[in-house]
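Asks: Structure provided below as structure tokens; questions to follow.
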Amino acid sequence: MQTHHWPAEGLTRVPYWVYSDAAIYEEEQERIFRGPTWNFLCLEAELESPNTYRRSSLGAMPVVVTRDKDGNLHAFENRCAHRGSLLLLNDSGEARDIICVYHNWSYDLCGNLTGVAFRKGLRGKGGMPPDCRPEAHGPRKLKLETLAGLVFGTLSADTPPLERYLGAEIVARIRRVMRAPVRVLGDYSQMLPSNWKLYMENVKDTYHASLLHTFFTTFRLNRLSQQGGIVVSDSGGHHVSYSLAADSGGNEYEQAGMRAAQEGFGLEAPQLLEAVDEFGDGLACRFCPCSRPSCCSRPATASRCAAWCRKASTRPSWYGPASASRAMTPR
């Protein structure tokens with residue numbers, strides 16, 4: 001077993017082996033993703049109707065979120081209790097029950113095992129013991145809470161209530177971004193050759209946005225010359241970053257030859273970028289990485305965004321992280 005040593009500089013230097021060590025990764029799965037943390041799973045809007053489901057994940061554990069016939073939300077491990085086969089293969093869909101394709105064990109949308117093929121055997125042979133209790137053999141279930149249309153889940157009974165976990169400062173800003181019901185327009189996924197830490201670190205890095213993203217810099221949505229800041233929760237585990245709409249109008253990026261500042265770009269509909277200060281505080285862009293690393297819980301990660309439409313009163317806001325971006329527009 002390889003022995004690692006932390007650099008003498010302390011926490012100001014994070015060695016590369018932290019990102020790839022298999023033992024550390026397994027401990028993260030246990031203590032973070034399966035521990036007392038809330039993990040973002042999906043949007044309520046992705047399960048608008050009864051008898052629908054949406055695949056998600058809890059770290060490396062595949063999860064399915066469902067809305068049952070009565071409209072209640074549930075989440076459980078997306079694996080059959082028999083041999084561990086995936087129960088649902090499609091990303092989303094409609095279903096009144098779930099049947100494992102391997103041995104035809106069936107489940108309801110609450111995650112309860114409801115049927116075992118040939119449970120009593122066939123022609124007097126085989127079958128399960130008479131005292132078999134299917135209800136005791138379902139997949140692992142998650143506890144759920146929702147916030148402003150966002151669905152969070154946890155496996156731990158020790159996880160505090162969601163709003164207390166996030167803190168009042170973060171909750172208020174999530175409610176601001178998700179101020180109205182949303183409608184899912186579509187989705188896409190990005191597969192990154194890394195584990196969860198690399199993307200989570202990127203989301204926490206406010207330094208790169210205007211240096212990398214041409215759209216932000218060229219159209220002056222986010223530049224270091226703008227006023228802004230970061231709000232960190234009392235726990236230190238959650239934060240929000242923001243920028244004000246007003247820009248100095250200087251040419252520091254152009255003079256420095258920053259690649260993100262591109263001349264000659266324009267929009268066919270420049271009114272797309274006209275901001276309306278609906279809250280009276282001048283904020284233009286707000287980024288809400290709303291939780292500890294557990295919030296970035298799926299292997300394929302991208303930013304979830306609230307898309308601007310011509311009837312909306314504000315410019316785009318970006319909400320993340322998550323695995324598959326789903327463009328949304330206020331109803």
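Read-outs throughout are calculated quantities, based only on the coordinates presented, and are distinct from any laboratory measurement. Source: prediction; values computed, not measured. Positions of Cβ are backbone-derived with ideal geometry, glycine not excepted, and every protein chain shown enters the neighbour counts.
Asks: Put a dot 7 Å past each Cα toward the Cβ at V18 and W6; how far apart are the dots in nm?
Replies: Result: 0.9 nm between the two label points.
Asks: Now a separate question. Describe numerically, in nm with one decimal, the distance between label points set 7 Å from Cα along Cα→Cβ at L244 and at R175.
Replies: In this crude spin-label approximation the distance works out to 2.5 nm.
Asks: Give the aspartates and glutamates whose C-alpha is closer than 16 Å to that of K197, dropping any in the same chain fewer than 8 places away, or say none.
Replies: Of all the aspartates and glutamates, those that pass the test against K197 - Cα under 16 Å, at least 8 places apart if same chain - are D21, E26, E27, E28, E30, D205.
Asks: If R0 is 56 Å, what FRET efficiency do you get for D281 and V101 from their C-beta distance, rounded to 0.05? Working shown, then result.
Replies: Numbers: r = 53 Å, r/R0 = 0.94.
Calculated transfer efficiency: 0.60.
Asks: Apply 1/(1 + (r/R0)^6) to the Cβ-Cβ distance of N72 and E30, taking R0 = 25 Å, and write down the FRET efficiency to the nearest 0.05. Can you show the working numbers first?
Replies: Working: r = 29 Å, r/R0 = 1.16.
After rounding, the FRET efficiency stands at 0.30.
Asks: Tell me the label-point distance for the pair L198, N112, using the 7 Å Cα-to-Cβ offset, in nm and rounded to one decimal.
Replies: If labels sit at L198 and N112, their model points lie 4.4 nm apart.
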